[in-house]
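As structure tokens, the structure follows; a few thoughts come after it.
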Amino acid sequence: MRKIFFILIALCLWGIAHQNPKRLRNRVFLQNSASMCSESEGILMTKFVSFILTVFFMLTLFSIQSLTAIEIALEAELGEIQAPAQVLKDKDASRGEYIGVPEGGGSHNGWVDYEFEYPMNSTYWIAGKVIAADGGSDSFYVTFDGEDKGDVNGTNVWDTQQGPTWHWDMVMGRNLADPRPFELKKGKHILRIWMREDGTKLDCLFISTDRNAAPREPTDKDVKLQKAGKGARYVEPKLKLTSTWGAIKNTY
Ligand SMILES: [Ca+2]
Ligand SMILES: [Ca+2]
């Protein structure tokens, strides 16, 4: 619906910009102030207004593409789990469960896989809801499609933000980027969260093509989709004026 609204705005701008210059000049400049503008000044101004409106039309049109985002909200405990990673209970976790290796259970072993169809080529951003109690319990490795987890200090290390209660943290890559962008082609991909330090807890994941999307816990619908192996859904980012203008500026 919002997309249609913006397409209509773009079409209106296009229409205004391509009105007959003489008619537009007559409406804008000569109707009420014939004595203020000469005819040549009026035509010049009309061309200028037409140029501005055309530029704005193009920016609006290009920004429409960025008004569609993909969201995948996952329960961490519903992935394919390799021991010693395991499902653990916590009444404060989403749906009362999370994954991890209990403190003392050993580090750098075990993982959880999430296999999904990604509906379009895009940059994807991942957030996880975590508990990371201390400096010895605050990291995972993150890879796609069978890539090895790599060196213990490599780029696939996700150093989670520490905190004793559940909180969202964007997946980063050590010495790479925070947050870390993942370029994915349309099609099936396997996201693997490797256990790195025991005691690090993961409740749920939120994947989006919108870097600014607010992470959220999976709804019943998301869980149903996840269990059916179809996690992705199309959403329209919140169209606050600032974010819309931001999209236009980014496009430009
Ligand atoms: Ca630990
Ligand atoms: Ca959970």
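The values are calculated or read from the model by the stated rules, or taken from the named source; none is laboratory data. The structure displayed is predicted, hence computed values, not measured ones. All Cβ positions, glycine included, derive from the backbone under ideal geometry; neighbour counts span all protein chains shown.
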Problem set entry | strands (runs of 3 or more DSSP E) wholly inside the range 71-157 containing at least 1 residues that are within 14 Å of ligand 1 (Cβ to nearest atom) and surrounded by 21 or more Cβ atoms within 10 Å (Cβ to Cβ) | 97-100, 122-132, 139-144
Exercise. Going through the range 199-234 one residue at a time, which ones are buried (at least 22 other Cβ atoms within 10 Å of the Cβ) and among the β-branched types (Val, Ile, Thr)?
Worked result: Thr200, Ile207, Thr209
Problem set entry | Filter pass, Ile131 being in contact with a His (Cβ under 9 Å, 6 or more places away or on another chain), among the hydrophobic types (A, V, I, L, M, F, W, C), within 16 Å of ligand 2 (Cβ to nearest atom) and touching a residue at least 40 places away in the same chain (Cβ under 8 Å) | yes
Problem set entry | Lone unmet requirement of (1) away from ligand 2 (no atom under 16 Å from the Cβ); (2) surrounded by fewer than 15 Cβ atoms within 10 Å (Cβ to Cβ) for Thr165 | (1)
Exercise. Failed condition for Arg196, given (1) of a type in the set (D, E, K, R); (2) in contact (Cβ under 8 Å) with a residue 12 or more places away in the chain; (3) surrounded by fewer than 19 Cβ atoms within 10 Å (Cβ to Cβ), with all others met?
Worked result: (3)
Problem set entry | Qualifying residue in the range 193-205 (condition: out of contact with any helix residue (DSSP H, G or I) (no Cβ under 9 Å at 6 or more places or on another chain) and at pLDDT below 95) | no
Exercise. Among (1) without any contact (Cβ under 8 Å) to a residue 24 or more places away in the chain; (2) away from ligand 2 (no atom under 16 Å from the Cβ), which single condition is Val87 missing?
Worked result: (2)
Problem set entry | Any hit, the range 175-195, residues being closer than 22 Å to Gly104 by Cα, of a type outside the set (Gly, Ala, Ser) and in contact with a His (Cβ under 9 Å, 6 or more places away or on another chain) | yes
Seminar exercise, completed: Given (1) more than 20 Å from the chain's Cα centre (by Cα); (2) more than 16 Å from ligand 1 (Cβ to nearest atom), Gly199 misses just (2)
Exercise. Looking only at the range 158-180, which residues are of a type in the set (Ser, Thr, Tyr) and more than 15 Å from ligand 1 (Cβ to nearest atom)?
Worked result: Thr165
